[in-house]
Structure formats: structure tokens, C-alpha cells
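Student: Got a structure here, written out as C-alpha cells. Questions coming.
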Amino acid sequence: MQANRLTISEIQAGLKGKTLTCESLARQYLDAIQKHNPDINAFLSIDPDQVILDAKASDQRLNSGGAMRELEGVFAGIKDNIHVHGMTTTCASKILKGFSPVYEATVVKRLREAGAIIMGKLNCDEFAMGSSNENSAYGPVKNPLNRNLVPGGSSGGSAAAVAAGFCTVALGSDTGGSIRQPASFCSVVGLKPTYGTVSRRGLVAFASSFDQIGPLALCVEDAMLVHQVISGKDNQDATSLTHTPKWTPLKKDTGSLADLVVGVPEEFMGEGIDKEVSEAMDQTIQNLKKMGARVVSVSLKLVNRCLPVYYILSSAEASSNLARYDSVRYGPRLHEGGNLDDLYLKNRSLGFGAEVKRRIILGTYVLSEGYYDAFYLKAQKMRTLIRQDFDHAFTQCDVLLTPTSPFPPFSLGAKTEDPMAMYLADICTVPVSIAGLPAISIPVPRTTNQLPVGIQLITPALKEDQLFTYAQAMEVMLKGNHL
């Protein structure tokens, strides 16, 4: 296997055995980026010289007898709405072109402290608003598995970079499915943690009560290793929780899931689910039963309310969070002259793309006098009921199993003129975000001609340790060990 397709454990085994160096691995990643990124468009910025310097420093430390750190030899890409010292943060928007943050995100600092090397900044939907990564001001990202298809969004650059072998792991942000859905479309693993378990300091806010940073990786174990590093209390983030999951990877697979009760919400198995996705779910359920798991049908009765609740609440928060971007305090001045109102109007009109404008307008509307009670307040009450829906479901099972997306990746340009069709891509992921629960998307192995499909596992809040255990067992199962 090529070195730039190795997992973390394989990389560290190579470093220990002296069959691999950080510098040689860095050069393989950089070579892949040079050859293929101009077409895939996953990386927006990268400093190759600094990557090589960091890799050489890591090799020198190890050769001098330094201990192997948790993420030694790991090369990480960072979504371009997360601050990295010395690199611009544009959120894939014209309105932040050239903006350099004065501090580094907590998650990036923790990656560096654990030995990871930062590769660069990854393309995304503008301000993390989108489900296809076609809303970027710097061009769409293409799916490495089939360059006529979208990679999913908004963390499409992060998913594509891992799938293309540009980096070992990547960080994305998930507001309504923006890690899990592109993970499904690019056939990689993507984790959305429990809200509050990962610091949001240094993440440009889209919807503050939803946003969470999480990893995209080649396997469940890699996602877990990164999550353990980046999670934990951060005193500079008021929403940060004192909780770090402890998980030990499976040492030996027994081929049995006899104690596991898997709940399948009936609302995710009917109309609106693509045939290929339904078949993957059916096959997964049959394999779970063969391994001894008990599969039960459960109901999430309010699923049909989740999309309107999400788009009301997230757009309201976006309207408030994005008010600061006026080309006065951040980014370039795109228009000069006129009075202050004219300055704001012209610069925001030129700086924001169509999808961001759409959500700002919607959010401003639902927060306006006369509509706050009818829309925003009612959606907040519904959010509580949706959480209770999940609580009830978990009294009947250990873990919930759903598709990650109702359909496989679609063609570039297929849904750009139909926002409602695009929003439906999030129907399986949004309910989890509303409830603040952890969820992971793992790929279903595909034949040469099949489109990528992912399945989503969901556990109660703060149960990432269980989520990783179940996900790794299912990952082994899906790779065909027990068919």
C-alpha cells in the first residue's frame, strides 16, 4: 500500500520499525496534492516548505530518542473555517479573502501538541452552508472517487482530501451533517461529536448551538485517536464540557454482537430513500443479525419536523453571527464610496454568495418583530420535543442505525438551482444535530460500479466510547469478515 494511504497505526509502526520517515511521508502527500489537487480542488492553501520542515523536526526528535506522541507521523488538513496560525481563514468566501487570524484554534493547538503536522486549509461551502461543496467562492470540490460527482458538504474538501490520499486525517465542522454527509459521499469515516465535547474556540461560527468540530479519517480507530486528542474542557469556550471519552480499540474481533440491540427508525426506511441506500441498509441489518445483534424497529415521530426546525434555528443564528462581516472590520473592501448604509449594502452583496444571503435573509425574517414567536420560539420548543423523541428511542436500544444520506452522491450541478432538493440531503443527519448527540458515518464497501453509501450510528450524549466500539465492530463486519 502507498504510504499516503496508511492508517495512523500503520504509519507509527513504520516509524518505529525505521521503514518510514515523516519526511518521506510528507513528500508522498505533497506529491499527490501537486498532481491531483488542481482538479479536485480540496486544498485552498498549503505551505510545502513548512510541511517538510515540520516533518524533518519530527524525525529528528524521534531519532534523538523522543517518545512517540499520540499523533506522531499524522498529517492533518484543516477546514478553512478553523483558524491556523500563519494561514488565512477565508471560510471559502470573498468577504474574508486574505484574512489572517491572530490566534490558533484550540483543536489545532492540540493536534500540534500530539505530534500532528498541519498540511494546510481545505475548501468548503461558504461559511459552512451547503451540502455539495459547490457554494465555495473558490470553485467546487470534486469527488476523488468520481470527479463528475459532488463530494458532499460543507466539509467536502476535508472528506475529499482524506479520500484522495492528500493527508492522513482532516478536521471538519458539522452543523447539520457537514462531516457525516461528505464522509458518506467520499467513502471515509466521519464523526460528529456530542455538542460541547470539542472546543469551538477558533471555529468561525455559523450556528453556535449546533456547530461541532470533528475528524474525517480512513477508519474508525483513526477518527477515535484524533477525537481523543481534540476533545476535553477548554476554559476559553463557554460551551465546552469536562468530558473526554476513553476507548480501547478492539484487540480481537469475536464475530459476535450478541449483547447489542440496534434500533432502526422506521421513518428512515421508507419513501424518499434511494434504492441503492435501502439495499445497503437491508444488507447491513441482515449481517448484524447473523452476528447475533438484535435489531428492533423504533420510531422518531418528529423527523418530518426536523428540517424546518433546523433551518429556522440555524439561519437565525447565522443571521446574528454573520452581521460582523461588513468589509470594515474583516476582509477586503470590495466597494468604496457612498454613505455607511451604502458601504454595508454593496460590500455584503458582493462579498456573500447566494446561499449565504438566502440564509441570512431567512434568519433575519424569523427573528423580526411579529415573527419571532411564530417561528423562532416555536422551533425552539420543537427542538426540546425532538430531543425527547431520541431519549425515548434509546430506552429500546443501545444504538440507532440510519442511512447517512438518503441518496448517494449526485452529479456536479444537478441540484444547484433547487435549494429545497439540496436541503433534503441533510434529512438523515439534521435530527442528530438538533438533539446534540454523537454520530458517526462509516462507509459500506462498494463494488467498482457502485456509488458510495454510508451508514450512520447514533448513541446517547457523551457515549462516544460506546459509539466507537459499535462502529469498529460494524466496520469489521462491513469489510466482509463475517459474511
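The values are calculated or read from the model by the stated rules, or taken from the named source; none is laboratory data. The shown structure was predicted, so the numbers you read here are calculated from the model rather than taken from an experiment. Don't worry about glycine lacking a Cβ; one is built from the backbone with ideal geometry, like all the others, and counts go over all protein chains shown.
Student: What tally of residues in the stretch 189-229 results from selecting those that are part of a helix (DSSP H, G or I) and either among the charged types (D, E, K, R) or free of Cβ contacts under 8 Å to residues at least 60 places away in the same chain (or both)?
Tutor: Residues that pass the stated criteria total 2.
Student: Can PHE407 be described as buried (at least 22 other Cβ atoms within 10 Å of the Cβ) and either basic (Lys, Arg) or out of contact with any strand residue (DSSP E or B) (no Cβ under 7 Å at 6 or more places or on another chain) (or both)?
Tutor: For PHE407, the condition - buried (at least 22 other Cβ atoms within 10 Å of the Cβ) and either basic (Lys, Arg) or out of contact with any strand residue (DSSP E or B) (no Cβ under 7 Å at 6 or more places or on another chain) (or both) - is not met.
Student: Which pairs turn up if I take residues in the stretch 92-115 that are within 22 Å of ASN135 (Cα to Cα) and in contact (Cβ under 8 Å) with a residue 60 or more places away in the chain and look for partners that are among the small types (Gly, Ala, Ser) and in a helix (DSSP H, G or I) with beta carbon separation below 7 Å, at least 6 apart in sequence or on another chain?
Tutor: SER93/GLY351; LYS94/GLY351; ILE95/GLY351
Student: Further, regarding this structure: Pick from PHE127, PHE166: which is touching a residue at least 12 places away in the same chain (Cβ under 8 Å) and farther than 19 Å from ILE33 by Cα?
Tutor: Sole residue among the options that is touching a residue at least 12 places away in the same chain (Cβ under 8 Å) and farther than 19 Å from ILE33 by Cα: PHE127.
Student: Moving on. Any idea which residue in the stretch 319-345 is surrounded by the fewest Cβ atoms within 10 Å (Cβ to Cβ), counting only those that are within 31 Å of the chain's Cα centre (by Cα) and part of a helix (DSSP H, G or I)?
Tutor: ARG324
Student: Another question about this same structure. With the condition kept exactly as written, say whether any residue in the stretch 200-208 is more than 22 Å from the chain's Cα centre (by Cα), buried (at least 20 other Cβ atoms within 10 Å of the Cβ) and more than 24 Å from GLY115 (Cα to Cα).
Tutor: No, the conditions are met nowhere in the stretch 200-208.
Student: Moving on to the next point. For the stretch 418-465, what are the residues that are in a helix (DSSP H, G or I), surrounded by fewer than 20 Cβ atoms within 10 Å (Cβ to Cβ) and out of contact with any helix residue (DSSP H, G or I) (no Cβ under 8 Å at 6 or more places or on another chain)?
Tutor: Across the stretch 418-465, the qualifying residues are MET420, ALA421, ASP465.
Student: Okay, next question. Here's a check for you: in the stretch 56-91, which residue that is of a type in the set (Gly, Ala, Ser) and in contact (Cβ under 8 Å) with a residue 60 or more places away in the chain is nearest to ALA318 (Cα to Cα)?
Tutor: GLY77
Student: Checking the condition at pLDDT 95 or above, among the hydrophobic types (A, V, I, L, M, F, W, C) and in contact with a Phe, Trp or Tyr (Cβ under 8 Å, 6 or more places away or on another chain), which residue from LEU467, LEU457 passes?
Tutor: LEU457
Student: Being in contact (Cβ under 8 Å) with a residue 12 or more places away in the chain, out of contact with any strand residue (DSSP E or B) (no Cβ under 8 Å at 6 or more places or on another chain), buried (at least 24 other Cβ atoms within 10 Å of the Cβ) and not aliphatic (A, V, I, L, M) is the requirement here; does SER158 meet it?
Tutor: no
Student: When you go through PRO249, PRO265, PRO245 one by one, which is the residue that is under 21 Å from PRO403 (Cβ atoms) and not hydrophobic (A, V, I, L, M, F, W, C)?
Tutor: So the residue among PRO249, PRO265, PRO245 that is under 21 Å from PRO403 (Cβ atoms) and not hydrophobic (A, V, I, L, M, F, W, C) is PRO265.
Student: Right, here's the next one. Is one or more of the residues making up the stretch 243-251 in contact (Cβ under 8 Å) with a residue 12 or more places away in the chain, within 20 Å of LEU111 (Cα to Cα) and within 16 Å of the chain's Cα centre (by Cα)?
Tutor: There is no residue in the stretch 243-251 that is in contact (Cβ under 8 Å) with a residue 12 or more places away in the chain, within 20 Å of LEU111 (Cα to Cα) and within 16 Å of the chain's Cα centre (by Cα).
Student: Restricting to the stretch 109-130, name every residue that is surrounded by fewer than 24 Cβ atoms within 10 Å (Cβ to Cβ) and either assigned to a loop (DSSP other than H, G, I, E, B) or not basic (Lys, Arg) (or both).
Tutor: Of everything in the stretch 109-130, those that are surrounded by fewer than 24 Cβ atoms within 10 Å (Cβ to Cβ) and either assigned to a loop (DSSP other than H, G, I, E, B) or not basic (Lys, Arg) (or both) turn out to be GLU113, ALA114, GLY115.
Student: Would you check if there is a residue in the stretch 47-55 being touching a residue at least 12 places away in the same chain (Cβ under 8 Å) and not in a helix (DSSP H, G or I)?
Tutor: Yes - at least one qualifying residue is present in the stretch 47-55.
Student: What's the number of the condition THR242 fails, among (1) at pLDDT below 95; (2) farther than 20 Å from PRO438 by Cβ; (3) among the β-branched types (Val, Ile, Thr)?
Tutor: Result: THR242 passes all but (2).
Student: If we scan the stretch 212-235, do we find a residue that is surrounded by fewer than 16 Cβ atoms within 10 Å (Cβ to Cβ) and either out of contact with any Ser or Thr (no Cβ under 8 Å at 6 or more places or on another chain) or over 28 Å from GLY153 (Cβ atoms) (or both)?
Tutor: Yes, there is a match, as at least one residue in the stretch 212-235 is surrounded by fewer than 16 Cβ atoms within 10 Å (Cβ to Cβ) and either out of contact with any Ser or Thr (no Cβ under 8 Å at 6 or more places or on another chain) or over 28 Å from GLY153 (Cβ atoms) (or both).
Student: Same structure again: Could you list all residues from the stretch 263-318 that are acidic (Asp, Glu), without any contact (Cβ under 8 Å) to a residue 24 or more places away in the chain and assigned to a helix (DSSP H, G or I)?
Tutor: Within the stretch 263-318, GLU279, ASP282 meet the criteria.
Student: Suppose the filter is under 15 Å from the mean Cα position of the chain (by Cα) and at positive phi; does ALA92 pass it?
Tutor: No.
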